[in-house]
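A.B. asks: Please find one structure pasted underneath; my questions will follow.
The values are calculated or read from the model by the stated rules, or taken from the named source; none is laboratory data. These numbers come from a predicted model, not from an experiment. All Cβ positions, even for glycine, are placed from backbone atoms using ideal geometry, and neighbour counts span all protein chains on display. Note: areas computed on protein heavy atoms with side chains; ligands, DNA, RNA excluded. Shrake-Rupley method; radii C 1.70, N 1.55, O 1.52, S 1.80 Å.
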Amino acid sequence: MDVATILSQQQSTAEQVLGIGLGTLGLVIALVVTFGAVLLFVAAVVSIVRSPNYSVAGRAVWIFVVLAFPFLGPLVWFIVGRKSSFAADVSNGLR
């Protein structure tokens, strides 16, 4: 047997760990989805911190939600949280 045949018969790391073979296309799709989730997470945290609609405590709760649920939390923030009617009382100076 030559080296190329031996190497082609070995399982990849993904196959060894997960028991599945993703292949090149599957790996690219997994990387794109992961990058998108990380980008959505970072954008949600930045949006929460810059939001004028919430007090410091409200922002802390939203950041906790985003941290606790890394994919669902940012989606809920962008769908519901940004336009929520729970406005902060700007007269108390805790912005």
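A.B. asks: How many residues are exposed (fewer than 13 other Cβ atoms within 10 Å of the Cβ) and not in a helix (DSSP H, G or I) if we restrict to the range 34-56?
C.D. replies: 1
A.B. asks: Sort out which residues of the range 36-63 are closer than 15 Å to K83 by Cβ and free of Cβ contacts under 8 Å to residues at least 40 places away in the same chain, and write them in order of number.
C.D. replies: A44, S47, I48, R50, S51, N53, Y54, G58, W62
A.B. asks: Mind listing whichever residues of the range 57-95 are out of contact with any Leu (no Cβ under 8 Å at 6 or more places or on another chain), modelled with pLDDT of 75 or more and part of a loop (DSSP other than H, G, I, E, B)?
C.D. replies: F69, P70, V80
A.B. asks: Continuing with this model, one more query. Take the residues in the range 19-33 that are open to solvent by less than 80 Å² (accessible area, probe 1.4 Å) and either in a helix (DSSP H, G or I) or at pLDDT 90 or above (or both); name whichever of them is farthest from F69 (Cα to Cα).
C.D. replies: Residue satisfying both the conditions and the ranking: G23.
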